[in-house]
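Here is the structure we will look at, set down as structure tokens.
The values are calculated or read from the model by the stated rules, or taken from the named source; none is laboratory data. All figures in this text were calculated on a predicted structure; none of them were measured in a lab. Cβ sites come from the backbone with ideal geometry, for glycine too, and all protein chains shown count toward neighbours. Heads up: the accessible areas ignore ligands, DNA and RNA and are worked out on the full protein's heavy atoms, side chains in. Shrake-Rupley method; radii C 1.70, N 1.55, O 1.52, S 1.80 Å.
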Amino acid sequence: MAKIASIRALEILDSRGFPTVETEVRLDDGTAASALVPSGASTGEHEAVELRDGDKARFNGKGVLKAVSHVEGPLQKLLKGTDPRDQAALDKALIAADGTANKGKLGANALLSVSMAACRAAALSAKMPLVSHLRKTFGLPEGEWLLPTPMLNVINGGKHADSGLDVQEFMLVPVGCGSFHEALRAGAEIYQALKKILVGMKMTVSVGDEGGFAPQLKDHASALDVLTDSIAKAGYAGKVRLGLDSAASEFYKDGAYRFEGKPRTAAEMTEIYGSWQKKYGIISYEDPLAEDDWDGWKHMTGKLGTEVRIIGDDLFVTNPERLKRGIKEKTANSILIKLNQIGTVSETVEAIRTAHAAGYSTVISHRSGETEDAFIADFAVAMNAGAIKTGAPCRSERLAKYNQLLRLERDLGTKARYAGDACFKLASKTAR
Ligand code: PGA
Ligand code: ZN
């Protein structure tokens, strides 16, 4: 049984050119594996702490040398000689070593990099693909394998681009395609059709942080019109639907949603979302309201929750405790899952389990600042998450995940099926 022999870390750069942490776990059988952590821009208030050095002389304070030293110092000392296959014990030890509720002492970036790298090293040592190792480790049944429905963010707004759009992400959701590779192909073809339409409109086709275009369109309805046209033009009407991430905490100020230049209440926002849902057949709304507007979320879930997926990202921050409150208070009906919002693999799995047990669907997610690490692709399949969002079919840090899913689709063969609309169906009424 291989044991952890050494752990080292490195300050590397993410897709926006900001520092992030890479950690390598080496076992005493010679196996070595690394993991790279991503970083958000529209981060939730309640996320676990991403530790930054704050030394303005380096990377404007964004350096991660402290997190690197925590990995190589206290965390290496803690885990040397332990069994990397026991992920639950390993993550428990990481959480205890930090000792704070928000992982602010050692840093969630330090903790997560170790948690993921150890997981990978254990898989490699056992000569198992990561996806199978994750399944075995967390005791999921072997039987059903779901390839997640991709949610491709093709128009970027909010904090991810200078398009001027309040809504952060406009996503293509190919629920009606027959397989993962056909879904990805649909996304790529629509992306190219969209580019042609934007060029025809004399709009810019430079891209935002997640690879989507960032055109300066008049308003949100114009963006939805352009997307509807691109889907039709590429021949996917009816097969590919639209999903939005408003990241609404970013435009919630002084008790109002500052949307399209006017202050609005949660009820008014819900009306706008309801009208878009009717007109454009939106399949999911992520963070339509602000992260602490529990009453607003409850109202919107009551109004639209039988029609459409309402996904909590900044609201839940992959935190099982916040999710439990949501389930109890009937807020949202789906959760976005980001490993670095909570900081260990085990706690992320707990959030997924809590969601599935309550009938909430799950969407595994990248961050706007990404790396070449494709852990979330294997993770989404291992967990039968049903959906994944990892940007546009553009920029290699985004394609690293989609391409890994193509490999998993090939390798799993007939054992796996494409999730399609499984994640978006609702118990009472199917989303339009
Ligand atoms: P972030 O954006 O990674 O910048 O937080 C992604 C999201 O809000 O889903
Ligand atoms: Zn979000």
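Taken over region 2-47, the criterion of being of a type in the set (Gly, Ala, Ser), in a strand (DSSP E or B) and within 16 Å of ligand 1 (Cβ to nearest atom) is satisfied by SER39 alone.
For region 211-232, indicate whether the set of residues that are touching a Gly at 6+ places or on another chain (Cβ under 6 Å) and at positive phi is non-empty.
Within region 211-232, one or more residues are touching a Gly at 6+ places or on another chain (Cβ under 6 Å) and at positive phi.
Residues that are more than 16 Å from ligand 2 (Cβ to nearest atom) and either of a type in the set (A, V, I, L, M) or not assigned by TED's automatic domain parsing to the domain that holds GLY208 (or both) within region 173-188 comprise VAL175, ALA183, LEU184, ALA186, ALA188, listed in sequence order.
If you go through region 75-87 and keep only what is surrounded by 14 or more Cβ atoms within 10 Å (Cβ to Cβ) and more than 18 Å from ASN109 (Cα to Cα), you end up with THR82, ASP83, PRO84, ARG85, ASP86.
Applying the set (1) among the hydrophobic types (A, V, I, L, M, F, W, C); (2) open to solvent by 50 Å² or more (accessible area, probe 1.4 Å); (3) assigned to a helix (DSSP H, G or I) to ALA237 leaves exactly one unmet item: (3).
When the residues of region 336-360 are filtered to those that are in contact with a Ser or Thr (Cβ under 6 Å, 6 or more places away or on another chain) and open to solvent by 10 Å² or more (accessible area, probe 1.4 Å), the one that is farthest from ligand 1 (Cβ to nearest atom) is TYR360.
Considering LYS239, LYS195, LYS202, LYS253, the condition of being assigned by TED's automatic domain parsing to the domain that holds PRO393, on the phi > 0 side of the Ramachandran plot, of a type outside the set (Ser, Thr, Tyr) and more than 16 Å from ligand 2 (Cβ to nearest atom) is satisfied by LYS202 alone. Put simply, of LYS159, LYS92, LYS77, LYS103 the only residue that is over 17 Å from ALA377 (Cα atoms) and assigned by TED's automatic domain parsing to the domain that holds ALA382 is LYS159.
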